[in-house]
């Protein structure tokens with residue numbers, strides 16, 4: 001079974017959300033078989049910044065969707081979008 005690389009853009013609810021604390025919440029919310037490869041920060045507009053999450057996970061049905069759904073339950077998260085996804 002292969003692995004899937006997924007790059008997600010996590011949008012905070014507002015400009016005052018602490019992205020360092022949000023990184024910790026994302027790490028805590030990930031399933032055991034998902035590895036966070038890297039975090040990044042992307043300026044959007046008017047002081048708003050998105051948290052970029054690079055994750056590697058097994059190529060099994062529904063795992064990416066479950067991870068995204070879990071991230072969307074975090075209080076400070078407005079939305080989660082897939083920026084890139086590829087088999088590695």
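Here are some notes:
- Residue 55, sole failed condition from (1) more than 9 Å from the chain's Cα centre (by Cα); (2) under 18 Å from residue 87 (Cβ atoms); (3) in a strand (DSSP E or B): (1)
- Taken over the stretch 58-73, the criterion of being touching a residue at least 24 places away in the same chain (Cβ under 8 Å) and either assigned to a strand (DSSP E or B) or within 11 Å of the chain's Cα centre (by Cα) (or both) is satisfied by 58, 64, 67, 68, 70, 71.
- Of all the numbered requirements in (1) at pLDDT 95 or above; (2) touching a strand residue (DSSP E or B) at 6+ places or on another chain (Cβ under 9 Å); (3) in a loop (DSSP other than H, G, I, E, B), residue 78 misses one, and that requirement is (3).
- Some residue of the stretch 39-51 being in a helix (DSSP H, G or I) and without any contact (Cβ under 8 Å) to a residue 40 or more places away in the chain: no
- Filtered residues of the stretch 15-38 (kept if touching a residue at least 40 places away in the same chain (Cβ under 8 Å) and closer than 17 Å to residue 79 by Cβ): 17, 22, 25, 26, 29
- Selection from the stretch 1-19 of residues that are more than 16 Å from residue 65 (Cβ to Cβ) and touching a helix residue (DSSP H, G or I) at 6+ places or on another chain (Cβ under 8 Å): 12
- Residues that are loosely packed, with under 14 Cβ neighbours inside 10 Å, under 20 Å from residue 59 (Cα atoms) and out of contact with any strand residue (DSSP E or B) (no Cβ under 9 Å at 6 or more places or on another chain) within the stretch 1-48 comprise just one, 32.
The values are calculated or read from the model by the stated rules, or taken from the named source; none is laboratory data. From a predicted model like this one, the values you see are computed outputs, not experimental measurements. No Cβ is skipped: glycine too gets one built from the backbone with ideal geometry, and neighbour counts run over all protein chains shown.
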